[in-house]
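Accompanying notes for the structure given below.
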Amino acid sequence: MEPPSKQSHDPLLLNTIEPDIPSTLLSNKQLHSAFLELQRLLVLVLVASIEALLVLQYKEPIFHFIYLFCLIIFFILNHCFSNSGQVYLVDFSCLKPPSSCKVPFSTFLGNASKIESFDAQSLAFMAKVLTSSGQGQETYLPPALHHIPPKSHHQESIKEVHMVLFPIMDDLLAKTKLSPQEIDILIVNCSGFCPSPSICSILINKYSMRSDIKSYNLSGMGCSASALAIDLAQNLLQVHYNSYAIVLSTEILSTGWYAGHEQPKLILNCLFRMGSAAILLTNKKQDMKSSKYQLFRTLRTQKAFDDRAYLSTIREEDSNGKLGVTIKRDILEVAGEILRWNVTVLGSSILPFSEKFRHGVSRIRKRFIDKSAEIYVPNFKSAIEHFCLPTSGRQLVKELAKGLKLGDGEMEAALMTLHRFGNQSSSSLWYELAYLEAKQRLKKGDKVWQLGMGTGPKCTSLVWKCIRPIDDDEAMKGPWADSIHRYPIVAVGQ
């Protein structure tokens, strides 16, 4: 890898910075992928060789039929065993907050100007962040943050939990005709609010779930938490057969409001907005036909072992003892590094051989022949049809797309979600998927890549395969029902 002084100032351009990936991690993943491809090639060679041998020895036709029959049985059994342990996404629901929670820029800044803790510089800074964020005028904040000054005590946060989680849980159970008693696994992710009893316990109490339900409460995992929760659910479903798992993703904003003067801590006041999602997963084969998606691939990477990366986004007190989340200037560079690790390993397992070959040749050329040569960035559109990128800001979305050589169409779901609903932390990925469904873009066999990036820092990729068409009635429901006709808005991406 080139010295930092010689690297591009754009940390997310994958074609200008050689990935700095642990050799053991990358080589093991690539070797495994190469081994599987070699294995398939050897099987084809073996099949052809046996058939050629039978032909050369002038065997009776019955031998050919027996051989063919055994081959068919082998592939059928192999297919059945390979499908065991598959995880399916039955359905999901996203919160559509009430109109009373909408917060146009004028309302946000007007309320902020009445709060004594904000000076003129703080207000000017927040106005600048808002106008450059890519958000529209119809995003939502919880009732506690509409008060002057905002209410950020514990009971208000509990009310917000009820407001954002109960409606989507009710909607998901109604859509899937599932009883709370049938839920085997419950996972809730919320980074900034961790009450006791836990949010999981609040839900178990509300819905009178079983005494043996396996519940997990994830906190402090940032915007990648929902994707990470899906990965956890997949692992649990590998060992708990014939089960249903529900993942609930949200961020409680009332507890994260910052009322100080330090600009790096004011950013989240402007960016984070209200949202939540509920996702039903299962490993039951009888639910495969009614499910929407099959989980095709998951991958988690993180860089918390590096001090600079670890401290790039951290919750801490300011000089006056007020708690807030500090976002440092090198956050984009850190995000670029952790993304390159994830993308390189993911690409080794999902990209076609031709793309991996071209990438490998370019790396060899740069290392041994021409140091100035660019590394070929694989075409991920050759393996993925739809992309759900992090909605952390318009500029970040555009830089991610540029680094991955994606176009306006691939950015659309992220940019439109950011404009309509803002950055909803971990649940944004599901509003993006809902957008793609509402636009009726998804076809049977299509793959969707959800990319979650969060504090830690960590990066989690989910690749889904659409296993049935999304019908018109389903497409017209959800959080986009009353606004999808207005999108895409061309000016949003400019």
Quick check on region 348-362: of everything there that is buried (at least 20 other Cβ atoms within 10 Å of the Cβ) and not polar (S, T, N, Q), which residue is nearest to the chain's Cα centre (by Cα)? 350
Residue ID - modelled with the highest pLDDT, chosen from residues in region 295-331 that are crowded, with 17+ Cβ neighbours inside 10 Å and among the polar types (S, T, N, Q): 298
Please give the number of the condition residue 485 fails out of (1) over 22 Å from residue 226 (Cβ atoms); (2) modelled with pLDDT of 95 or more. (2)
When the residues of region 165-186 are narrowed to those that are open to solvent by 70 Å² or more (accessible area, probe 1.4 Å) and charged (D, E, K, R), which ends up farthest from residue 284 (Cα to Cα)? 170
Residue tally, condition over 29 Å from the mean Cα position of the chain (by Cα) and open to solvent by less than 50 Å² (accessible area, probe 1.4 Å), over region 371-382: 1
Residue in region 128-137 that is farthest from the chain's Cα centre (by Cα), counting only those that are open to solvent by less than 50 Å² (accessible area, probe 1.4 Å) and not β-branched (Val, Ile, Thr): 130
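Residues that are β-branched (Val, Ile, Thr) and open to solvent by 40 Å² or more (accessible area, probe 1.4 Å): find the strands (runs of 3 or more DSSP E) completely inside region 383-494 holding 3 or more of those. Please lay out each step first, then the result.
Numbers: elements: 386-388, 447-454, 458-466.
In region 383-494, no matching strands (runs of 3 or more DSSP E) lie anywhere.
Please work out which residue is farthest from residue 105 (Cα to Cα), limiting yourself to region 397-450 and to residues that are of a type in the set (Phe, Trp, Tyr) and in contact with a strand residue (DSSP E or B) (Cβ under 6 Å, 6 or more places away or on another chain). Outline the logic, then answer.
Our first condition is that a residue be of a type in the set (Phe, Trp, Tyr); within region 397-450, this holds for 421, 430-431, 435, 449.
Subset that is in contact with a strand residue (DSSP E or B) (Cβ under 6 Å, 6 or more places away or on another chain): 430-431, 449.
On the way: 430: 25, 431: 22, 449: 32 Å.
In this case the residue turns out to be 449.
Which of the helices (runs of 4 or more DSSP H) found entirely inside region 250-361 contain at least 2 residues meeting this: touching a residue at least 24 places away in the same chain (Cβ under 8 Å) and charged (D, E, K, R)? Give the derivation first.
Working: elements: 263-271, 307-310, 331-350.
It comes to 331-350.
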List the pairs whose first member sits in region 197-212 and is within 13 Å of residue 180 (Cβ to Cβ), whose second member is open to solvent by 70 Å² or more (accessible area, probe 1.4 Å) and part of a helix (DSSP H, G or I), and whose Cβ atoms are under 7 Å apart, counting only residues at least 6 apart or on separate chains? 209/181; 210/181
Checking 115, 76 in turn, the sole residue that is modelled with pLDDT under 95 and open to solvent by 80 Å² or more (accessible area, probe 1.4 Å) turns out to be 76
Identify, from the list 242, 217, the residue that is outside any helix (DSSP H, G or I), open to solvent by 10 Å² or more (accessible area, probe 1.4 Å) and touching a helix residue (DSSP H, G or I) at 6+ places or on another chain (Cβ under 6 Å). 217
Residues that are assigned to a helix (DSSP H, G or I) and farther than 25 Å from residue 431 by Cβ: does region 202-210 have at least one? yes
Scanning for something in a helix (DSSP H, G or I), modelled with pLDDT of 90 or more, under 28 Å from residue 414 (Cβ atoms) and aromatic (Phe, Trp, Tyr), does region 136-152 turn up at least one residue? no
Pairs under 8 Å by beta carbon, first residue surrounded by 24 or more Cβ atoms within 10 Å (Cβ to Cβ) in region 222-237, partner basic (Lys, Arg), six or more apart or different chains? 224/458; 228/300; 228/458
Before we move on, is residue 151 over 30 Å from residue 474 (Cα atoms), in contact with a helix residue (DSSP H, G or I) (Cβ under 9 Å, 6 or more places away or on another chain) and charged (D, E, K, R)? yes
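The values are calculated or read from the model by the stated rules, or taken from the named source; none is laboratory data. None of the values given here were measured: they were computed from a predicted structure. Cβ: placed from backbone, ideal geometry, glycine included. Neighbour counts: every protein chain shown. Remember, those area values only see protein heavy atoms, side chains included, never the ligands or the DNA or RNA. Shrake-Rupley method; radii C 1.70, N 1.55, O 1.52, S 1.80 Å.
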